[in-house]
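What follows is a short report on a single structure.
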Amino acid sequence: MSGYDIRKEVATSIGYFWSESFGQIYPALRDLTARGFIKRRAGAGPRERHVYEITARGREALREWQAAPPRSAPARNELLLKLFFGAPGRVRHEVSWLQQLQDEESSSLRAFRSIRRQLLSEQRDHPSLPFWLATVSYGEHRSRAVLRWARETLTTLRGLQRRAAKKDTAR
């Protein structure tokens, strides 16, 4: 595949839990080529296009990487950071952000369900299907958990809004 093809494939397959930009893909392709893990050749077509193919050495490195325990990724969630520093009398923005998060997670949940149906329909005999479905299941569980958390948090924040409004009218 070309770098462009790889980016498209990432976006449509593992993009729900792993993202790569062109700025990450092309340097990685250069590094993998230099290390002998992939080889580059000119692709067909009028434009200068390079396609990459994994080598035997690359397949071995992939097997070794797959066997190594995964590293934990540091948590970075700007919404949680902003909520942490929130103030009881000013929650309008937070409520809006949580509503947006609910919309996004509901959309993701619909997409995961669609992916599940597509995989079960089009790839039912593929030996990797159980692994693909496990990643879809993770996304479904995560989206449902985030939706539950957002509903709980919105209830709390709306309660703060009501108390603040009562205090304002009492003054």
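Values quoted throughout were computed directly from the atomic coordinates according to the rules given, and no laboratory measurement underlies them. This one's a predicted model, so the numbers in the text were calculated from it and none came from an experiment. Neighbour counts run over all protein chains shown; Cβ positions are idealised from the backbone, glycine included.
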_Top of ARG76, ARG40, ARG57 by mean-square fluctuation, Gaussian network on the chain, Cα under 10 Å_ = ARG76
*Taking the Cα-to-Cβ direction at LYS82 and at TYR26 and moving 7 Å from each Cα, how far apart do the two end points lie in nm?*
3.2 nm
*Sort TYR52, TYR4, TYR16 so the one with the fewest other Cβ atoms within 10 Å of its own Cβ comes first.*
TYR4, TYR16, TYR52
*Could you check the simple spin-label distance between GLU60 and GLU9, using points 7 Å along Cα→Cβ, in nm with one decimal?*
2.2 nm
*So how much slack lies between ARG110 and ALA73, counting 0.36 nm per residue of separation and subtracting their Cα-Cα distance, in nm?*
10.7 nm
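How would you classify segment 3-67 from its alpha-carbon gyration tensor, with a ≥ b ≥ c the square roots of the eigenvalues: rounded for a/c under 1.5, else prolate if a/b is greater than b/c, otherwise oblate? Let's see the in-between values first.
Working: a/c = 1.95, a/b = 1.09, b/c = 1.79.
Because a/c hits 1.5 or more and a/b fails to exceed b/c, segment 3-67 counts as oblate.
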*asked:* Of the listed values (i) 16.0; (ii) 19.1; (iii) 20.2, identify the label whose number matches Kirkwood radius over Cα pairs in Å calculated from this model.
replied: (iii)
*Starting at 0 and stepping by 5 Å, how many percent of the alpha carbon pairs of segment 79-168 end up in each bin?*
3, 13, 19, 16, 12, 10, 8, 7, 5, 4, 2, 1, 0
